[in-house]
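Here the structure comes first, spelled out in structure tokens, and everything after it is commentary.
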């Protein structure tokens, strides 16, 4: 069963989420990949203000393809999350509450998720065209020079995700593997 969650994330919403939950997110999320993360990290190191507010926000690791005629956005499938791991603890410390991507996170990131009462979601890779249908508006808000890696504000309706790392340190990938091994 999929549970509907309206964004932005609050501490109350986050603590209600458990590893393995299937969710449909609705509201605003930001996109950011490798280059945007690097740029934000460097801005924070220099003491500069970020072009977006991270407090209670969700970042989707995606570089959407160009939109076809009469389309809002092109394919919008997740990218590998571990590529952002170097920058993630810093952004979580600045108030980021959720990330959407695919794949495992480092031990350091999982610890930072728990410490900051945040959550890591996965979107299913290979479903980029279907995921794009949940996006209702798109606006480039920062780093336009990065092209597909620019930061965009997306308004989504019923965006499907699975909670992988919850605010309590649980890891759905590990739990699933352990359950599988016990059943062999």
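The values are calculated or read from the model by the stated rules, or taken from the named source; none is laboratory data. Just so we're clear, the structure is a prediction, and the values are computed from it rather than from any experiment. Cβ sites come from the backbone with ideal geometry, for glycine too, and all protein chains shown count toward neighbours.
Could you pull out the residue among 128, 103, 98, 111 that is within 18 Å of residue 78 (Cα to Cα) and surrounded by fewer than 18 Cβ atoms within 10 Å (Cβ to Cβ)?
Values: 128 fails: surrounded by fewer than 18 Cβ atoms within 10 Å (Cβ to Cβ); 98 fails: surrounded by fewer than 18 Cβ atoms within 10 Å (Cβ to Cβ); 111 fails: within 18 Å of residue 78 (Cα to Cα).
Testing whether each residue is within 18 Å of residue 78 (Cα to Cα) and surrounded by fewer than 18 Cβ atoms within 10 Å (Cβ to Cβ) leaves just 103.
Quick check: is even one residue across the range 93-104 part of a helix (DSSP H, G or I) and either more than 28 Å from residue 136 (Cβ to Cβ) or in contact with a strand residue (DSSP E or B) (Cβ under 6 Å, 6 or more places away or on another chain) (or both)?
As a first pass, look at the range 93-104 and keep what is part of a helix (DSSP H, G or I): 93.
Right, trim to either more than 28 Å from residue 136 (Cβ to Cβ) or in contact with a strand residue (DSSP E or B) (Cβ under 6 Å, 6 or more places away or on another chain) (or both) and you get 93.
Yes - at least one qualifying residue is present in the range 93-104.
Hey, among 130, 146, which residue is modelled with pLDDT of 95 or more, farther than 22 Å from residue 169 by Cβ and in a helix (DSSP H, G or I)? Spell out the reasoning first.
Details: 130 fails: modelled with pLDDT of 95 or more.
Only one candidate passes the filter, namely 146.
Test residue 54 against the stated conditions and say whether it is closer than 18 Å to residue 13 by Cα, touching a helix residue (DSSP H, G or I) at 6+ places or on another chain (Cβ under 8 Å) and assigned to a loop (DSSP other than H, G, I, E, B). Outline the logic, then answer.
Working: closer than 18 Å to residue 13 by Cα: yes; touching a helix residue (DSSP H, G or I) at 6+ places or on another chain (Cβ under 8 Å): yes; assigned to a loop (DSSP other than H, G, I, E, B): yes.
Yes: the conditions hold for residue 54.
Which of the residues spanning the range 1-49 are assigned to a loop (DSSP other than H, G, I, E, B), under 19 Å from residue 116 (Cα atoms) and in contact with a strand residue (DSSP E or B) (Cβ under 9 Å, 6 or more places away or on another chain)?
Here is the first cut: in the range 1-49, the ones assigned to a loop (DSSP other than H, G, I, E, B) are 1, 7-10, 16-21, 32-33, 46-49.
Add one more test, that the residue is under 19 Å from residue 116 (Cα atoms), and what stays is 7-10, 16-19.
Selection gives 7, 8, 9, 16, 17, 18, 19.
Under the condition of being free of Cβ contacts under 8 Å to residues at least 60 places away in the same chain and surrounded by fewer than 18 Cβ atoms within 10 Å (Cβ to Cβ), which residue from the range 55-65 is farthest from residue 38 (Cα to Cα)?
Residue satisfying both the conditions and the ranking: 56.
Which pairs turn up if I take residues in the range 37-53 that are more than 14 Å from residue 92 (Cα to Cα) and look for partners that are surrounded by fewer than 17 Cβ atoms within 10 Å (Cβ to Cβ) and at pLDDT 95 or above with beta carbon separation below 7 Å, at least 6 apart in sequence or on another chain?
These pairs meet every condition: 43/50; 51/141.
Would you pick out the residues in the range 68-80 that are free of Cβ contacts under 8 Å to residues at least 40 places away in the same chain and not in a strand (DSSP E or B)?
The initial filter retains those residues of the range 68-80 that are free of Cβ contacts under 8 Å to residues at least 40 places away in the same chain, namely 68-70, 80.
Passing the criteria: 68, 69, 70.
If you go through the range 81-101, how many residues are closer than 22 Å to residue 159 by Cβ and without any contact (Cβ under 8 Å) to a residue 60 or more places away in the chain? It would help to see each step written out before you state the result.
Going residue by residue through the range 81-101, those that are closer than 22 Å to residue 159 by Cβ are 81-84, 88, 91-92, 95-101.
Adding the requirement that they be without any contact (Cβ under 8 Å) to a residue 60 or more places away in the chain leaves 81-84, 88, 91-92, 95-96, 99, 101.
The total comes to 11.
List pairs: first residue in the range 102-119 and at positive phi, second residue modelled with pLDDT of 95 or more and crowded, with 19+ Cβ neighbours inside 10 Å anywhere in the structure, Cβ distance under 6 angstrom, at least six positions apart or on different chains.
That search, which allows pairs on different chains as well, returns 103/81; 117/14; 117/167.
Would you point out which residue out of 163, 156 is touching a strand residue (DSSP E or B) at 6+ places or on another chain (Cβ under 9 Å), closer than 26 Å to residue 72 by Cβ, assigned to a strand (DSSP E or B) and modelled with pLDDT of 95 or more? Write out each step before concluding.
On the way: 163 fails: closer than 26 Å to residue 72 by Cβ.
Answer to the check: 156.
From (1) within 26 Å of residue 42 (Cβ to Cβ); (2) surrounded by fewer than 18 Cβ atoms within 10 Å (Cβ to Cβ), pick out the condition that doesn't hold for residue 168.
(1)
Would you mind finding the one in 25, 17, 7 that is touching a residue at least 24 places away in the same chain (Cβ under 8 Å), surrounded by 15 or more Cβ atoms within 10 Å (Cβ to Cβ) and more than 16 Å from residue 122 (Cβ to Cβ)?
On the way: 25 fails: more than 16 Å from residue 122 (Cβ to Cβ); 17 fails: more than 16 Å from residue 122 (Cβ to Cβ).
Result: 7 is the single residue among 25, 17, 7 that is touching a residue at least 24 places away in the same chain (Cβ under 8 Å), surrounded by 15 or more Cβ atoms within 10 Å (Cβ to Cβ) and more than 16 Å from residue 122 (Cβ to Cβ).
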